[in-house]
1. Can you name every residue in segment A:1-11 that is open to solvent by 70 Å² or more (accessible area, probe 1.4 Å) and at pLDDT 95 or above?
2. Sort out which residues of segment B:35-52 are open to solvent by 30 Å² or more (accessible area, probe 1.4 Å) and farther than 17 Å from B:SER5 by Cα, and write them in order of number.
3. Has segment B:86-100 got any residue that is open to solvent by 70 Å² or more (accessible area, probe 1.4 Å) and within 11 Å of chain A (Cβ to nearest Cβ)?
4. Could you check segment B:7-34 and list, in sequence order, the residues that are open to solvent by less than 20 Å² (accessible area, probe 1.4 Å), assigned to a strand (DSSP E or B) and in contact (Cβ under 8 Å) with a residue 60 or more places away in the chain?
5. Being in contact with a Lys or Arg (Cβ under 7 Å, 6 or more places away or on another chain), crowded, with 22+ Cβ neighbours inside 10 Å and over 18 Å from B:LEU46 (Cβ atoms) is the filter here, so list the residues in segment A:81-114 that pass it.
6. Which of the strands (runs of 3 or more DSSP E) found entirely inside segment A:31-80 contain at least 1 residues meeting this: surrounded by 16 or more Cβ atoms within 10 Å (Cβ to Cβ)?
7. Can you report the number of residues in segment A:12-30 which are part of a strand (DSSP E or B) and open to solvent by 40 Å² or more (accessible area, probe 1.4 Å)?
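The values are calculated or read from the model by the stated rules, or taken from the named source; none is laboratory data. Only a predicted model underlies this, so the values are computations on that prediction, with no experimental measurement involved. Because the Cβ atoms are built from the backbone with ideal geometry, glycine has one as well, and the counts that use them run over all protein chains shown. Side chains included, ligands, DNA and RNA excluded: accessible areas come from the protein's heavy atoms. Shrake-Rupley method; radii C 1.70, N 1.55, O 1.52, S 1.80 Å.
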Amino acid sequence: GENVEQHPSTLSVQEGDSAVIKCTYSDSASNYFPWYKQELGKGPQLIIDIRSNVGEKKDQRIAVTLNKTAKHFSLHITETQPEDSAVYFCAASSPLFGNEKLTFGTGTRLTIIP
Amino acid sequence: GAGVSQTPSNKVTEKGKYVELRCDPISGHTALYWYRQSLGQGPEFLIYFQGTGAADDSGLPNDRFFAVRPEGSVSTLKIQRTERGDSAVYLCASSLNAGDNGVAFFGQGTRLTVV
């Protein structure tokens with residue numbers, strides 16, 4: 001099945017700086033890559049997603065890039081704010097294993113230092 | 001409701017007991033998913049419903065786990081003869097249609113603790 005690796009596992013950045021989280025996937029047929037933010041005691045919240053027919057997508061301070069050749073995708077958060085502190089998960093889905101089945105990375109705990 | 005609702009939010013049960021976890025998806029969403037999240041890990045897929053039928057149950061760990069969605073809306077995850085290793089947060093998600101490529105909206109989860 002699909003395997004998604006995520007790093008770093010923890011990341012601390014100064015408020016206002018940028019944060020980058022990277023993920024790699026194993027199945028070249030994977031075609032959908034969402035990013036979720038999870039705050040303590042809450043369920044994951046979709047923050048941005050990208051499909052395999054585009055290389056980059058941006059939504060205000062958040063952007064995601066996809067390199068299909070290298071099978072990796074990254075989350076970029078600019079001008080970080082304290083409320084960005086949370087655990088972030090990348091995920092991938094492949095039509096080979098059912099588009100509805102998301103395989104998640106192990107998460108990155110992001111801490112924004114005021 | 002506005003989002004996916006899961007009840008109870010917390011459940012403590014003794015080893016060997018039976019538990020039921022409930023999920024109310026977003027109104028109108030035909031696809032419903034169950035995931036399990038262990039401490040410090042990402043969610044792991046358990047089962048997916050399209051309407052009333054389980055379209056993919058390949059993530060259920062063994063036959064002690066079962067899920068139903070009899071009317072195509074509310075779903076119940078059932079765990080028999082609970083074991084301490086079943087302790088985790090059980091997450092439910094829903095999406096508008098099948099083939100949305102996993103554009104799933106998650107509930108807050110049910111934290112199950114088996115003592």
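1. Of segment A:1-11, the ones open to solvent by 70 Å² or more (accessible area, probe 1.4 Å) are A:1, A:3, A:5, A:7, A:9-10.
Selection gives A:GLU5, A:HIS7, A:SER9, A:THR10.
2. Within segment B:35-52, the first condition is being open to solvent by 30 Å² or more (accessible area, probe 1.4 Å), and the residues that meet it are B:36, B:38-41, B:44, B:50, B:52.
Residues satisfying the conditions are B:SER38, B:LEU39, B:GLY40, B:GLN41, B:GLU44, B:GLN50, B:THR52.
3. Just the residues of segment B:86-100 that are open to solvent by 70 Å² or more (accessible area, probe 1.4 Å), to begin with: B:96-97.
Still in the running and within 11 Å of chain A (Cβ to nearest Cβ): B:97.
Yes: one or more hits.
4. Initially, segment B:7-34 is screened for residues open to solvent by less than 20 Å² (accessible area, probe 1.4 Å), giving B:13, B:19, B:21, B:23, B:25, B:31-34.
Still in the list and also assigned to a strand (DSSP E or B): B:13, B:19, B:21, B:23, B:31-34.
Correct list: B:THR13, B:VAL19, B:LEU21, B:CYS23, B:ALA31, B:LEU32, B:TYR33.
5. Here is the first cut: in segment A:81-114, the ones in contact with a Lys or Arg (Cβ under 7 Å, 6 or more places away or on another chain) are A:86-88, A:93.
So of that shortlist, the ones also crowded, with 22+ Cβ neighbours inside 10 Å come out as A:88, A:93.
Within segment A:81-114, just A:TYR88 meets the criteria.
6. Values: elements: A:32-38, A:45-51, A:56-59, A:62-67, A:72-77.
Counting at least 1 such residues, we get A:32-38, A:45-51, A:62-67, A:72-77.
7. If we filter segment A:12-30 for residues that are part of a strand (DSSP E or B), which is where we start, we get A:12-14, A:19-25.
Now restrict to residues that are open to solvent by 40 Å² or more (accessible area, probe 1.4 Å): A:12, A:14, A:20, A:22, A:24.
Number of matching residues: 5.
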